[in-house]
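Working notes, structure below.
The values are calculated or read from the model by the stated rules, or taken from the named source; none is laboratory data. Just so it is clear, the model here is predicted, and its values are computed rather than measured. Virtual Cβ from ideal backbone geometry, glycine too; neighbours counted across all protein chains shown.
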Amino acid sequence: MVRRTDKETRNREVLSAVIESYIKRALAVSSDDICRDFECSSATMRNVMTELEGQGYLTHTHTSSGRIPTDQGYRYYVDMLLSQMQLLEEEKSSITHEYCRQLTKLEDILEKTSEVLSTFTHCAGIVTILDKENKIYYNGASLIIGHPELKNIERIRSIVRILEEKKTLLEILNRDLEKRLRVYIGHELACSEIDTCSLIVSTYEVEDKPTGRIAVLGPRSMNYSSVIPTIEYVSELMSKALENL
């Protein structure tokens, strides 16, 4: 009989494997796709995935026998890995090189930050500043609407509308200002227009005072293990750039 802890570990590892495969390929994941990594039969893996689906972590589409992650599955995955997510030193160097060009104006820093976020996360990069009401800088909207997970034309229109109208997005960005980092996945956004997306939000500071927020908006299948440490690092760079003005 398999001990409960062993079963929980196996299920956690299978869930991570399914999510990472879906992040990489944007295709529903079958038991055959990952059973080799666990040295088990396809039938055994299918039973595990069925159990994970019953627990609400996976679901399946009508057009495929494979599984895809649910919001609950992504949440479990992000919470499990959050403390382990780090950038490599060469990744930090690349971001620093791109970011630390001569920036002497506030507007230039805000614009450059949105550009850097978009470039290094392959999602939409967003920047706000608390004392500039209704001002949002964003780059990379085309990267979202070109993603396989967001092919529905009505969804695309809704995402673009949220970015351009700004009011709803600002309301979301300004939630929980006391928290340095927030990760909103799908329905956690409480906004039907973008509930097929995830939003990663970080607060940047000047002289230890919250000054504004930067964010990345992308598909729920974004590469969290890269995006989250990237936005945290860019937040640090932006704080330093603003303090040097």
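Of the residues examined, residue 103 is one that is surrounded by 14 or more Cβ atoms within 10 Å (Cβ to Cβ) and in a loop (DSSP other than H, G, I, E, B). Reported count of residues in the range 196-228, each being among the β-branched types (Val, Ile, Thr) and within 16 Å of residue 163 (Cβ to Cβ), is 5.
Against the test of being assigned by TED's automatic domain parsing to the domain that holds residue 142 and either free of Cβ contacts under 8 Å to residues at least 12 places away in the same chain or out of contact with any Leu (no Cβ under 9 Å at 6 or more places or on another chain) (or both), the options 213, 220 yield a single qualifying residue, 220. Is it fair to say residue 99 is touching a residue at least 60 places away in the same chain (Cβ under 8 Å), in contact with a Leu (Cβ under 9 Å, 6 or more places away or on another chain) and closer than 30 Å to residue 42 by Cβ? No: the conditions fail for residue 99.
Restricting attention to helices (runs of 4 or more DSSP H) lying wholly within the range 139-181, give those where 1 or more residues are in contact with a strand residue (DSSP E or B) (Cβ under 7 Å, 6 or more places away or on another chain) and either closer than 14 Å to residue 122 by Cα or among the aromatic types (Phe, Trp, Tyr) (or both). Please lay out each step first, then the result.
Working: elements: 141-145, 153-165, 167-173.
Those helices (runs of 4 or more DSSP H) span 141-145.
Taken over the range 182-225, the criterion of being of a type in the set (D, E, K, R) and part of a strand (DSSP E or B) is satisfied by 182, 205, 209, 213.
Collect the residues in the range 52-86 that are more than 17 Å from residue 23 (Cβ to Cβ) and either touching a strand residue (DSSP E or B) at 6+ places or on another chain (Cβ under 6 Å) or at pLDDT 95 or above (or both), keeping them in residue-number order. Correct list: 53, 54, 55, 56, 60.
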